[in-house]
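Undergrad: Could you have a look at this structure, given as structure tokens, before my questions?
The values are calculated or read from the model by the stated rules, or taken from the named source; none is laboratory data. Note that the coordinates shown come from a computational prediction; the quantities given were computed from them, not determined experimentally. In this analysis, Cβ positions are derived from the backbone assuming ideal geometry, glycine residues included, and neighbour counts consider all displayed protein chains. Surface accessibility is based on the protein's heavy atoms, side chains included, excluding ligands, DNA and RNA. Shrake-Rupley method; radii C 1.70, N 1.55, O 1.52, S 1.80 Å.
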Amino acid sequence: MSTSVEAVRDAPAKPAATRQPLSDRAKAERRLGFWLAGPAFIIMLAVTAYPILLALWESLFKYRLTAPADREFVGLGNYATILSDGLFWRDLGVTVLITIITVVIELILGFALALVMNSALKAVRGWLRTAILVPYGIITVVSAFAWFYAFDINSGYINSWFAWVPGIDSDLNWFADTWTALSVIMASEIWKTTPFISLLLLAGLAQVPGELTEAAEVDGATWWQRMSKVIIPNMKAAIMVAVLFRALDAFRIFDNVYIMTNGAYGTEVLSLLAYRTSITRLEIGMGSAVSVLLFICVIIICFIAIKLFKVDLSGARGGK
Amino acid sequence: MKSSPAKRRTIWTIISIVVVLYALFPVASILATSFKLPSDLTSGTFLPTNWSWSNYEQILVGDAQGLFLSSLRNSIGICLIATFIAVVLATLCAYAIARLDFPGKKLVLTTALGVSIFPVISIVTPLFNLWRNIGLYDTWPGLIIPYLSLTLPISIWTLAAFFRQIPWELEQAAQVDGATTWQAFRKAIVPLAAPGVFTTAIIAFFIAWNDFVYGISLTSTEAARPVPAALAFFTGASQFEEPTGAISAAAIIVTIPVVVLVLAFQRQIVSGLTQGAVKG
């Protein structure tokens, strides 16, 4: 097999390797490696690569489940329809807006939480960590309902609590206006996922060498200087990973929006558009095209992150 | 400019209370709602004026019982099976990555990363059509298979990070001391690997338990609809009544076991989440 040929070619380049290349033992090890890792690899491809290829294919057809006989090949026609529709661009704008605002707030809040946990007294540290894991453990749908009922004009108590704030009175219907509805949606998203970001940042903080901070303190650096010159630069990798993963997550936002407004009053996001097109309206061809466009957006975000911020994902996420 | 210990303690107490309030408030909010009578729902207060178990009765023994209990059964069954399959496959895979020398290790990890950033909704559309054609729509396997796209990648990453930290030399040491290969593996490695596998199982289960998109898209009846989807499609005792109380009660019932799990295994969960993501 070609793999063993490669092993022979590679062998002289690696004088440090003590194991004999191409020995029966090495071959057996490779075989075992393929057998053990193979099933997981194949299943991952089967559950994602296969469906997305299927979506690519189906997106080229005009195909409604309600009229299967009318199925016809339209090439990139579905894409042209979507990209020339203002609705798509508005939904994209809402999605990007939600992504940017939530990630920025979560980063600030998560960093503050991480600092608190990092410097808290031993006695409370465990309690704090336990408490902030609660939002992580809660189903997004449940959190969406909790926020929805709190703000809802019928069952909510927020209006009566904050009646003293200008602009809030008992008649304020949070979910009947784009901006107030988006605010509640984003607040619930931020509540739910800030703990995850703060745990990542806490792990990053733990990796900042203590001697560096101490040295800076001895040299008379202020808290702010220590933060911006020593601590943050040293945990850049953790910050970048946290930002990228949260951004990708926020871009796929669905549950909160579905529960709170179902996309009404200009709060529709891309995931919801895809869902509505294919599952509700049964337009498989058009829905597939939206799904593919969403997938392309995610790839673009990754690409920008890797190029712009030079995030080495494999390094940061534990790859060799 | 060091403050006194007493002052320090006060400041930290206040900060801790703020953080705990932040984390628990929405839970307390839905808990309070779950005890409200329908007549009390519009009172605009946080706490119910009359505490009542009627919402719990409605979903556990009353008319919403069928809907709620069947979705609970579906969620538990589907998530356990999806977690079990993912953890078994990921354990084999992560063992190979940490322990064996074979080409393609990096490819497996990169694929796992790629799968974990995949937008779920992009897979749902083609699966919806495919499942309807081959009869998997609205069945348990019809959800278990797509759930693997959620549980498998994170399991591989977390376990690979755990397994890299195991001192594999122990195995050889045990062999030198006269143990057979299998004995050495079982006595020296399995006890070290077990906590990582367990933690991974909990994290994978959470992720499956949290799914909503697959749940509402690939099911249509009580045959396979999981809890989060069932909550979204809940209707009240009567056509004209908002099911707010019943949904809140159901939400509390599905939240409590998860929160108990989190509290019981917080140390392991934190290390599992952050090792897989940051350190490696």
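Undergrad: Pairs to check: A:Lys27/A:Lys236; A:Lys192/A:Lys307; A:Lys27/A:Lys307. Give those whose C-alpha atoms are more than 31 Å from each other in this structure.
TA: Cα-Cα > 31 Å for A:Lys27/A:Lys236; A:Lys27/A:Lys307; rest within.
Undergrad: Ok, one more. Just to verify a number: FRET efficiency for A:Trp127 and A:Ala206, C-beta to C-beta distance, R0 = 22 Å, to 0.05?
TA: Using R0 = 22 Å, I get an efficiency of 0.75.
Undergrad: Given a Förster radius of 60 Å and the C-beta distance between A:Ser160 and A:Asp24 as r, what FRET efficiency does 1/(1 + (r/R0)^6) yield to the nearest 0.05?
TA: Taking R0 as 60 Å, the efficiency between A:Ser160 and A:Asp24 is 0.20.
Undergrad: At R0 = 56 Å, how high is the FRET efficiency between A:Ile42 and B:Ala28 if r is their beta carbon distance? Nearest 0.05 is fine.
TA: Taking R0 as 56 Å, the efficiency between A:Ile42 and B:Ala28 is 0.75.
Undergrad: On average, how many beta carbons from a partner chain sit within 10 Å of the beta carbon of a residue in A:194-207?
TA: Partner Cβ neighbours, averaged per residue: 3.
Undergrad: Let me confirm one metric for peptide A:281-288, namely the mean number of other chain beta-carbon atoms within 10 Å of its residues' beta-carbons.
TA: Shielding by partners across A:281-288 averages 3.
Undergrad: On the accessible surface of segment B:1-40, probed at 1.4 Å, how many percent belong to carbon and sulfur atoms?
TA: Exposed carbon and sulfur together represent 76 percent of the surface.
Undergrad: Shielding of B:105-115 by partners, i.e. mean partner chain Cβ atoms within 10 Å per residue?
TA: 5
Undergrad: Hey, how many Å between the Cα centroid of segment A:184-226 and the Cα centroid of segment A:252-300?
TA: First find each Cα centre; the distance between them is then 35 Å.
Undergrad: So how do A:Met117, A:Met286 rank on accessible area, 1.4 Å probe, biggest first, that is with the largest at the start?
TA: A:Met286, A:Met117
Undergrad: Right, next: Let me spell out the model: positive unit charges on the Cβ of Lys and Arg, negative unit charges on the Cβ of Asp and Glu, origin at the Cα centre of chain B. What dipole size does that give, in debye rounded to 20?
TA: It comes to approximately 1160 debye.
Undergrad: Assuming 0.36 nm per residue, please report the length gained on full extension of the stretch B:Ile253 to B:Trp168 beyond their Cα-Cα distance.
TA: 26.3 nm
Undergrad: May I pose another question? Select from B:Ser43, B:Phe198, A:Val103 the residue farthest towards the positive end of the dipole of the protein assembly as shown; place +1 on Cβ of Lys and Arg, -1 on Cβ of Asp and Glu, and compute about the Cα centre.
TA: B:Phe198
Undergrad: Using alpha carbon centroids, what distance separates segment A:57-118 and segment B:240-271, in Å?
TA: 29
Undergrad: How do A:Ser288, A:Ser170 rank by accessible surface area computed with a 1.4 Å probe, from largest to smallest?
TA: I get A:Ser170, A:Ser288, largest accessible area first.
Undergrad: Further question on the same structure: Chains A and B: buried accessible surface, both sides, probe 1.4 Å, rounded to 100 Å²?
TA: 8700
Undergrad: Once a ≥ b ≥ c are taken as the square roots of the eigenvalues of the Cα gyration tensor of chain A, is the result rounded (a/c under 1.5), prolate (a/b larger than b/c) or oblate (a/b not larger than b/c)?
TA: Judged from the Cα gyration tensor, chain A comes out oblate (a/c at least 1.5, b/c at or above a/b).
Undergrad: Counting helices only, and only those DSSP H runs with n ≥ 4, report the 222 nm mean residue ellipticity of the protein assembly as shown as the sum of -39,500 (n - 2.57) divided by its residues, in deg cm²/dmol to the nearest 500.
TA: After summing the helix terms and dividing by residue count, I get -22000 deg cm²/dmol.
Undergrad: Which residues, if any, in segment A:145-162 lose at least 10 square angstrom of accessible heavy-atom surface (probe 1.4 Å) when the other protein chains sit next to their chain rather than the chain being alone?
TA: In segment A:145-162, residues shielded by partner chains: A:Phe145, A:Ala146, A:Trp147, A:Tyr149, A:Asn154, A:Ser155, A:Gly156, A:Tyr157, A:Ser160, A:Trp161.
Undergrad: Zone of A:Arg90 (label point 7 Å along Cα→Cβ, backbone N under 14 Å): which residues in segment A:172-200?
TA: Zone members listed by number: A:177-179.
Undergrad: Same structure again: Heavy-atom accessible area per residue, chain A, 1.4 Å probe: how many Å²?
TA: Here the residues of chain A average 48 Å² of exposed surface.
Undergrad: Sticking with this one: How would segment B:24-90 be classified by its alpha-carbon gyration tensor: rounded, prolate or oblate, with rounded meaning a/c under 1.5 and the a/b versus b/c comparison settling the rest?
TA: Since a/c reaches 1.5 but b/c is at least a/b, the shape of segment B:24-90 is classed as oblate.
Undergrad: If the reach is capped at under 14 angstrom between alpha carbons, list the aspartates and glutamates near A:Lys62, excluding any in the same chain fewer than eight residues apart.
TA: In chain and number order, the partners are A:Asp70, A:Glu72, A:Glu283.
Undergrad: So which helices of chain B fit the span-like rule, where a helix is a whole DSSP H run, its Cα atoms reach 24 Å or more along the axis, and its mean Kyte-Doolittle is at least 0.0?
TA: For chain B, where a helix must reach 24 Å along its axis and average at least 0.0, the hits are B:5-34, B:65-99, B:140-164, B:190-210, B:244-264.
Undergrad: Quick one: ranking A:Phe196, A:Phe175 by accessible area, 1.4 Å probe, largest first, what do you get?
TA: A:Phe196, A:Phe175
Undergrad: Quote the relative contact order of chain A in percent (integer), defining contacts as alpha-carbon pairs under 8 Å separated by 6+ residues.
TA: Averaging sequence separation for qualifying contacts and normalising by length gives 25 percent for chain A.
Undergrad: For chain A, what are the DSSP H helices with axial Cα length of 24 Å or more and mean Kyte-Doolittle hydropathy of at least 1.0?
TA: Once both thresholds are applied, what remains is A:86-119, A:178-206, A:284-309.
Undergrad: Same structure again: Can you give the Rg to Rh ratio for the protein assembly as shown, taking only C-alpha atoms and Rh from Kirkwood?
TA: 0.99
Undergrad: So, taking all protein chains as they sit and a 1.4 Å probe, how much accessible area belongs to B:Arg9, in Å² rounded to tens?
TA: Answer for B:Arg9: close to 140 Å² accessible.
Undergrad: Going by the alpha-carbon gyration tensor, a ≥ b ≥ c the square roots of its eigenvalues, is chain B rounded (a/c under 1.5) or, if a/c is not under 1.5, prolate (a/b greater than b/c) versus oblate?
TA: Oblate, because a/c is 1.5 or more while a/b does not exceed b/c.
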